[in-house]
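The block underneath contains the structure these notes are about, expressed in structure tokens.
The values are calculated or read from the model by the stated rules, or taken from the named source; none is laboratory data. Computed from a prediction, not measured in an experiment: that's the story for all the values here. With ideal geometry, Cβ positions are generated from the backbone for all residues, glycine too; neighbour counts draw on all protein chains shown. Side chains included, ligands, DNA and RNA excluded: accessible areas come from the protein's heavy atoms. Shrake-Rupley method; radii C 1.70, N 1.55, O 1.52, S 1.80 Å.
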Amino acid sequence: MYKGILILFFLIVSSFTMLAQQLGSELHGTVYDEKGNPLELVNVAVIGKSEGTFTDQNGQYSLKVPSNAMIKVAFSFVGYNREIYTISLDRGEKRKIDVTLQLIQTEINPITIEGERSSDKGMTKLPPKMTTEIPSPSGNAVEELVKRSALGVSSNNELSSQYSVRGGNYDENLVYVNDVEIYRPFLVSTGQQEGLSFINPDLVEEIKFSAGGFDAKYGDKMSSVLDITYKEPEEFAAGFQASLLGASAFAQNVNDKKTLSYILGIRYKSNQYLLSGLETEGEYQPTFLDIQGLVHWKPSPVFHISLLTNIADNTYEMIPESRETRFGTLNEALRFKVYFDGKEIDQYRTYNTALTFRFEPSDKLKLKLISSTYIANESETYDIQGQYWLDELETDLGADDFASAGLNRGVGTYLEHARNYMNATVLNIKHIGKYLDEQWNLHWGLKVQREIIDDQMWEWKMLDSAGYSLPHEPDNIGNPTPHRNIELNEMISSETELASTRYTGHLQNKWNLNGSDDWQLTTGIRFQYWSLNEEWMISPRAALDFDPQWERDITYRLATGVYHQPPFFREMRDFDGQINTDIESQRSIHIVGGQYWKFQAWDRAFKFSTELYYKHLNNLIPYTMDNMRIRYYADNMAHGYSTGIDLKINGEFVKGVESYAGISLMKTEEDIEGDYYYNYYNSDGELITPGITTNDTPVDSVRHEPGFIPRPSDRRVNFNLYFQDYLPQNSTYKMHLNLVFSTGLPFGPPSNERYKDKFRMPSYKRVDLGFSKLLKAEDQQLKANSPFRHFKSIWLTLEVFNLLQNNNVISYMWINDISNRQYAVPRYLTSRKINLRLVAKF
């Protein structure tokens, strides 16, 4: 199958690159800049014709051109004025023309080095252009870019847009789009259910991210902030992309007076093809649809009105059939085989609207009034029965039945049932403003938010092994009495209605300490009051930026502050589904120190970033994590810390394209108050191992308090590499390599006792590879009858996901035999898949 797709890909590329006619003349030469240095990747094209090429690393080019005809040859390169030569060559003539390109007066860098810091020095800018280049199995390209390029970010699930930042969980990350806070779905428990995130890459103008120590103007979460700004169109543009995983399209325009503009995007995703690589075979029918629009109206030069709307309909339907998982060790290889009955249907419908009034009476004063509405209607329903066999595999290499099932370890049945429904409405109105002059860089804001939650949860699981329900009453084993109680393995039942109001505000200013930009101090404070638990929160924050103006372009930053995270509905619900309204906000104190060095190597721009951090965590609400599902203890009963170092280098490892590599070392632990366990000893002083049947009678016990234990997000090492390259003689062929390595997360048997999580998942290892062909460049002129003449650019990309076919584990399913011995059966993520993607703009 793969060979056929590869052959088809190269046939398509060849058909677009074949010359339409025989050319008998040649134009060659060298292209220089103003200083006489040769320029690489200059586009050399015949206007109105399909002929074109690029200069090599020595600035040289060679181009076949039509004979005995007056032609115009254009030389163009980003950041330089275009040069056009009118020539006519006889048949067989070879003419040399050397060209010098002049810089455009307004400087434009060919590569915008990711990580530039401007007025928001605590925020890292990421290049939106790369969202169309980076391989993204989840289809959420902006989040994929954050996961692979931002400091301190890690993820072990290619199906999800969620990420962990410096030891935090998915609920600890802030996301803003045009100053409006965005919420993630509440009931999603696996990556394949998640669908499309809110952020539409086609609409994005600017991406800013901070992994900690961010300013007081950003809200109340403990880990990170992602700040997205959508485009305000100044001209017509449109485009689309299509792949085996879905399609998207966008259009934008502005009226002649530049007073009314719009941008509209639509996305469709179906990861059915990707899910076919999961170990659970069955019928997958995921459909995810998203429509967004942003309208800007300028009734006057100082008064602007904008309306942002979004409608998302994500449906995940699965009818499982069977699953076979082989796991264990070389000496104890096991096979877990399941046959399923039942069905799962999940629906996540969200509606977002934000109306913004912007008043700018002067260049110094800018005011905004924003009213937004978020409505979520979610349901998670399933009835799935699985009948399983756990067999021991033959491990003798010389045996005829090597790797086949031998001894049966156990058989059983489990039944999972859920009827979970949630409706959430969040209404808010807020004012934000800023005043900028030579002495002041003042930001302020006030917000009132109303939250209405209606939740119904009915979920249980029954496990039957060898004819006995687990857990079981000891007296029922072998008891012929027909009447006995059946105890469910897990059960949650609750109905909740909540309505509350939050009041938040912030004030922040930036000071130039010595009258220049060398030393800048940013100070600010946030407050919040929540009517449900009547809690007040005060969060002071400060950051010091130092630019020593050395010959080496090195800057330093030291940031600290208090970051409260008030509970939302998810943190308030315990393992039984009950709601605790008396819990308080979690708190994290950040101390972040960073050094950022911009330098030149091989006449190319690079940046090396280093950040050290320590986060003191208290008033924590402990949680467990299974795949994407987070279950909270619903009580402030822990304290902890997170500390580490992040290193990243990015720049033009290959001239003209940006690559980056980063490594993070991190440790996060927590101490849960009041947790303990007993060790029991026999009369000889030997430890009696829990769960192992023995005739020994305990005669002594010792109480142990676990103390600090790894948090569920304790990923010690994380490495990311994104590398781009192209063919030296033909830069229209590009290659993208994405490599991820992350050490495993802690896990343990299913229970509410976190100290049992003493095991580690295998490391997450993944390589994605992409090959792209530029079929139509922005400056390339085509024939009048060419079907692609109306397009601005066209890319065709072949992507290979999980190139090395690594079996990455996302979670475990625990099964028991009748002796109560537990087995951890791994759940694997996607296998190797090939994706073909077409991206076109006009």
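Going through (1) closer than 30 Å to residue 189 by Cα; (2) assigned to a strand (DSSP E or B); (3) modelled with pLDDT of 90 or more one by one, residue 814 falls short only on (3). Screening residue 130 with (1) open to solvent by less than 20 Å² (accessible area, probe 1.4 Å); (2) in contact with an Asp or Glu (Cβ under 8 Å, 6 or more places away or on another chain); (3) at pLDDT below 85 gives one miss only, at (3).
At least 3 residues being touching a residue at least 60 places away in the same chain (Cβ under 8 Å), more than 18 Å from residue 646 (Cβ to Cβ) and of a type outside the set (Phe, Trp, Tyr) is the threshold, and among the strands (runs of 3 or more DSSP E) wholly inside segment 700-755 those reaching it are 730-742.
For segment 432-451: of the residues being open to solvent by less than 60 Å² (accessible area, probe 1.4 Å) and within 31 Å of the chain's Cα centre (by Cα), which is nearest to residue 521 (Cα to Cα)? The qualifying residue nearest to residue 521 (Cα to Cα) is 443. For residue 438, the test of being in a strand (DSSP E or B), charged (D, E, K, R), in contact with a strand residue (DSSP E or B) (Cβ under 9 Å, 6 or more places away or on another chain) and modelled with pLDDT under 90 is failed.
Return yes when residue 335 is basic (Lys, Arg), crowded, with 17+ Cβ neighbours inside 10 Å and modelled with pLDDT under 95 and no when it is not. Even if it seems obvious, please write down each step before you answer.
Values: basic (Lys, Arg): yes; crowded, with 17+ Cβ neighbours inside 10 Å: yes; modelled with pLDDT under 95: yes.
Answer is yes for this residue.
Within segment 339-381, the set of residues being over 30 Å from residue 411 (Cβ atoms), aromatic (Phe, Trp, Tyr) and surrounded by 19 or more Cβ atoms within 10 Å (Cβ to Cβ) comprises 348, 374. Inside segment 262-314, residues that are among the small types (Gly, Ala, Ser) and over 23 Å from the mean Cα position of the chain (by Cα) make up a count of 3. Just one of the listed residues (300, 306) is surrounded by fewer than 17 Cβ atoms within 10 Å (Cβ to Cβ) and not aliphatic (A, V, I, L, M), namely 300.
Kindly indicate whether residue 628 is closer than 30 Å to residue 195 by Cα, crowded, with 21+ Cβ neighbours inside 10 Å and either under 24 Å from the mean Cα position of the chain (by Cα) or free of Cβ contacts under 8 Å to residues at least 24 places away in the same chain (or both). Explain how you work it out, then say what you get.
Values: closer than 30 Å to residue 195 by Cα: yes; crowded, with 21+ Cβ neighbours inside 10 Å: yes; either under 24 Å from the mean Cα position of the chain (by Cα) or free of Cβ contacts under 8 Å to residues at least 24 places away in the same chain (or both): yes.
Spelling it out, residue 628 is indeed closer than 30 Å to residue 195 by Cα, crowded, with 21+ Cβ neighbours inside 10 Å and either under 24 Å from the mean Cα position of the chain (by Cα) or free of Cβ contacts under 8 Å to residues at least 24 places away in the same chain (or both).
Of all the residues in segment 508-550, those that are on the phi < 0 side of the Ramachandran plot and out of contact with any strand residue (DSSP E or B) (no Cβ under 9 Å at 6 or more places or on another chain) number 3. All of (1) in contact (Cβ under 8 Å) with a residue 24 or more places away in the chain; (2) in contact with a Gly (Cβ under 7 Å, 6 or more places away or on another chain); (3) farther than 19 Å from residue 447 by Cα; (4) surrounded by fewer than 19 Cβ atoms within 10 Å (Cβ to Cβ) hold for residue 561 with one exception: (4).
Checking each residue in segment 251-291 for being open to solvent by 20 Å² or more (accessible area, probe 1.4 Å) and among the acidic types (Asp, Glu) picks out 256, 279, 281, 283. Checked against the criteria, residue 615 counts as among the basic types (Lys, Arg), surrounded by 17 or more Cβ atoms within 10 Å (Cβ to Cβ) and out of contact with any Asp or Glu (no Cβ under 8 Å at 6 or more places or on another chain). Restricting attention to segment 227-242, the residues being buried (at least 20 other Cβ atoms within 10 Å of the Cβ) and either more than 30 Å from residue 794 (Cβ to Cβ) or of a type in the set (Lys, Arg) (or both) number 1.
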